[in-house]
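First comes the structure, then the notes that go with it.
The values are calculated or read from the model by the stated rules, or taken from the named source; none is laboratory data. This is a predicted model, so every value here is computed, not measured. Methodologically, a virtual Cβ is constructed for each residue, glycine included, from the backbone with ideal geometry; neighbour enumeration extends over all protein chains shown. Please note that ligands, DNA and RNA were not included when accessible areas were found on the heavy atoms of the full protein model with its side chains. Shrake-Rupley method; radii C 1.70, N 1.55, O 1.52, S 1.80 Å.
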Amino acid sequence: MNSFPFSQKIDSYQNLSKEIASLHITVPLNMLCLNCDDVNKELSARAARLADRMIQYVVDQNRDKNRGYV
């Protein structure tokens, strides 16, 4: 199994998580100010969890492959 495509995708999700976390907390609109803190935190956490799941998948695949060598 070639993990290079996974590596690129994992990096992109980790970067996305960081980028979302650094977005503005509030968005000024005409007559109100929209608080996006909860949305940003949730989206950042989802991107981080997705990267973690992909990492775990690669680890599991490599572990299974290595067990076949024993």
Query - Any hit, the range 10-18, residues being open to solvent by 70 Å² or more (accessible area, probe 1.4 Å), in a helix (DSSP H, G or I), on the phi < 0 side of the Ramachandran plot and among the aromatic types (Phe, Trp, Tyr) - result: no
**Report entry** Residue under evaluation Ala47, criteria (1) open to solvent by 90 Å² or more (accessible area, probe 1.4 Å); (2) touching a Phe, Trp or Tyr at 6+ places or on another chain (Cβ under 8 Å); (3) not polar (S, T, N, Q), criterion not met
**Finding:** (1)
Query raised in the report: If Asp38 passes every condition in (1) touching a His at 6+ places or on another chain (Cβ under 8 Å); (2) surrounded by fewer than 13 Cβ atoms within 10 Å (Cβ to Cβ) but one, which one does it miss?
Result: (1)
